[in-house]
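Notes for the one structure printed next.
The values are calculated or read from the model by the stated rules, or taken from the named source; none is laboratory data. Worth saying up front: this structure is predicted, and the values here are computed from it rather than measured. All Cβ positions, even for glycine, are placed from backbone atoms using ideal geometry, and neighbour counts span all protein chains on display. Quick note on the areas: whole protein, heavy atoms, side chains included, nothing else; ligands and nucleic acids left out. Shrake-Rupley method; radii C 1.70, N 1.55, O 1.52, S 1.80 Å.
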Amino acid sequence: MAQQKDDPTMKIALTSLFVDDQRAALAFYTDVLGFTKRHDIPLGDDFWLTVVSPEAPEGPELLLEPSAHPAVKPYREALAEDGIPLAQFAVDNIEAEHARLVSRGVVFTQPPTDVGVAVVAVFDDTCGNLIQLIEMKSAGD
Amino acid sequence: MICKPSLAYSVFVVDVFRALDDETRRLVLDELSVRDGQTLFEICSVLTMRHGLSLTRQAISQHLGVLESAGLVVTERRGRAKFHFFNRDPLSEITGRWPSRKTTPP
């Protein structure tokens, strides 16, 4: 057994979203949102499909996971009805990103909204999920 | 017999007054006045971040239910999400009963 460090820390290496169709999801997450494909490995009828931010190619991966499990549909429908996003992506300029995505046909359930420490917005990822964008305000604001 | 229409009216107005007799519900209407058509998630986040309220999502959902049964909030499903809108019509019933008077200076 490896020697334990005094200060063990965990990093978030991978998190996942269920998507209706993995190929459509890959297209949306790369072409529209701007992520980069990291892994695309056949697994039976599906794929181990992950994307990363081009700014952090070794950073946390987002797994675009098949949504065939029967629990997924009611889970996502109930959350979408209440407008609850399943992931949050950070951007430098949320107004510009909002305008860019709207011009690409992306539907927002919440436009950029000032909530004090940050500006947030919520959009539909066309794969069954709501996603929150956040622009943190700098300390000087 | 002549009381019946006014009885229905009172029950209706009582619901409106009860719905308004709560600071959280008044804040919900304030926020919907600023931006109409919000999801439960958005209402929760603005109440928490702008007004410092620490209510559960379930509690806010119940407040919205009270406003909706009084007719002050109506909901509409667009796509997969449900949006809440401020309906001012019940308020005009109140101002109709006690219309504001233009005061003329003496």
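Estimate the FRET efficiency between A:Met10 and B:Phe12 by the formula 1/(1 + (r/R0)^6), using the beta-carbon distance for r and 41 Å for R0, to the nearest 0.05.
Details: r = 57 Å, r/R0 = 1.38.
Step by step, r from the Cβ atoms, then E = 0.15.
Compute the separation of the alpha-carbon centres of the range B:31-106 and the range A:50-127 and state it in Å as a whole number. If you average the Cα positions of each part, the centres end up 26 Å apart.
When 1/r is averaged over all different Cα pairs and the result inverted, which Kirkwood radius in Å belongs to the range B:11-95? Provide the component values of the computation, followed by the final result.
Working: mean 1/r = 0.0772 Å⁻¹.
Value: 12.9 Å, from the Cα pair sum.
For the range A:16-24, backbone phi angles converted through the Karplus equation (6.51, -1.76, 1.60; θ = phi - 60°) give residue-by-residue couplings of 9, 10, 7, 10, 5, 9, 5, 5, 5 Hz, Gly and Pro being listed as x.
Please arrange A:Glu97, B:Glu42 by accessible surface area, largest first, computed with a 1.4 Å probe and ligands excluded.
Working: A:Glu97 45, B:Glu42 0 Å².
Largest accessible area first, the residues go A:Glu97, B:Glu42.
Dipole magnitude for chain B: about 180 debye, using +1 per Lys or Arg Cβ and -1 per Asp or Glu Cβ, origin at the Cα centre. The solvent-accessible area of A:Trp48, taken with every protein chain present and a 1.4 Å probe, is close to 90 Å².
Treating only the Cβ atoms of Lys and Arg (+1) and Asp and Glu (-1) as charged, compute the dipole magnitude of the protein assembly as shown about its Cα centre; round to the nearest 20 debye. Let's see the in-between values first.
Working: 25 positive and 35 negative charges, 222 e Å.
My answer is approximately 1060 debye.
Kindly list the residues of the range A:17-56 that lie in the label zone of A:Ala68, defined by a backbone N under 16 Å from the point 7 Å along the Cα-to-C-beta vector. Once the point is set 7 Å along Cα→Cβ of A:Ala68, A:18-24, A:41-49 turn out to lie under 16 Å by backbone N, inside the range A:17-56. Put simply, the convex hull of the Cα atoms in the range A:12-66 casts, on average, a shadow of 3.5 nm².
Looking at the range A:1-114 alone, DSSP beta bridges between its own residues are antiparallel in about 60 percent of cases. Taking amide H as placed 1.01 Å from N in the peptide plane, A:Val115 has its amide H under 5 Å from the amide H of A:Val120, each at least 5 places away in sequence or on another chain.
Subtract the Cα-Cα distance of A:Asp31 and A:Arg100 from 0.36 nm times their separation in residues, and report this length gain in nm to one decimal. Walk me through the numbers on the way to the answer.
Details: separation 69, 0.36 × 69 = 24.84 nm, distance 1.23 nm.
Result: 23.6 nm gained on full extension.
In chain A, the calculated helix contribution to ellipticity at 222 nm averages -5000 deg cm²/dmol per residue, counting -39,500 (n - 2.57) for every DSSP H run with n ≥ 4. Rolling a 1.4 Å probe over the protein heavy atoms leaves B:Ser54 with an accessible area of roughly 110 Å². Think of it as helices only: each DSSP H run of n ≥ 4 in chain B is worth -39500 (n - 2.57), and spread over all residues that comes to -19000 deg cm²/dmol at 222 nm. Based on the Cβ-Cβ distance of B:Thr75 and A:Ala56, what FRET efficiency does E = 1/(1 + (r/R0)^6) give at R0 = 41 Å, to the nearest 0.05? Calculated transfer efficiency: 0.55. The mean of 1/r over all distinct Cα pairs in chain A, once inverted, gives the Kirkwood hydrodynamic radius of 16.6 Å. Working note: Debye formula, equal point scatterers on the alpha-carbon atoms of the protein assembly as shown, no solvent; log10 I(q)/I(0) at q = 0.07, 0.09, 0.11 Å⁻¹ is -0.36, -0.54, -0.74. Ligands, DNA and RNA aside, A:Asp45 has an accessible area near 150 Å² when probed at 1.4 Å.
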